[in-house]
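Written out below as C-alpha cells is the structure these notes cover.
Taken together, the values in this text are just the output of simple stated rules run on the coordinates, not laboratory data. Worth saying up front: this structure is predicted, and the values here are computed from it rather than measured. Neighbour counts run over all protein chains shown; Cβ positions are idealised from the backbone, glycine included.
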Amino acid sequence: EGVAKLTDFGLARALDRPLDPEDSFTGTLSYVAPEQAMGEPITYAADLYAFGILLYELTTGALPFSGSIAQILVAHLQEIPTPPRERNPHVPPALDELIVHLLQKVPGERPSSAAEVGHLLSILSKLNRLSTIFELA
C-alpha cells in the first residue's frame, strides 16, 4: 500500500510506576526519555524523545548512546548525542535539526506535538530526500 505504520516500539509499561534499576531494559533502554528514567510523569514528550531516537538510528545506523545499563541511563540524562549529520553527512540539515530538537533533555524544549513533527517530516518527504537518507544509513 505504500504506507508505513509504527506501533509500540516495545516501550509500553505501566505508567503508574517509575523505572526501577532492577527492571529489564533489553531492547528498550535505548529509547527511554530522561524524565521517564527519573520516574517523572510521562507525557507525549517522552514518545517524541523515543521517536527521535528511532529517527537517529534510522539515519545513522546506530543508537546515540551505548554501553552498560548505567552508562546508557546516564547518557540519556546528561550527554548530548553526536548530531546525526556528523555520523551521516547525507542527512539534510533540516532533518538533523529536527532529530536534535526531539532529543532535548527537557521535555518542554522538544517539539510541541506529534502533529508538528509529522508536518515537518511531510515537508522533508515532499522534497524527496528521506528515502535516500534511510538507504545510506
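Details
- Residues whose amide H comes within less than 5 Å of that of residue 63, counting only those at least five positions distant or on another chain, are absent (H built at 1.01 Å from N in the peptide plane).
- Distance between the pseudo-spin-label points of residue 120 and residue 74 (7 Å out from Cα toward the beta carbon): 3.0 nm.
- Taken about its Cα centre, segment 29-136 carries a charge dipole of roughly 220 debye when the Cβ of each Lys and Arg holds +1 and the Cβ of each Asp and Glu holds -1.
- Karplus-derived 3J(HN,Hα), 6.51/-1.76/1.60, for each residue of segment 55-68, Hz, glycine and proline x: 4, 4, 5, 5, 8, 10, x, 8, 7, x, 10, 9, x, 6
- Overall form of segment 29-136 per C-alpha gyration tensor (a/c, 1.5; a/b vs b/c): oblate
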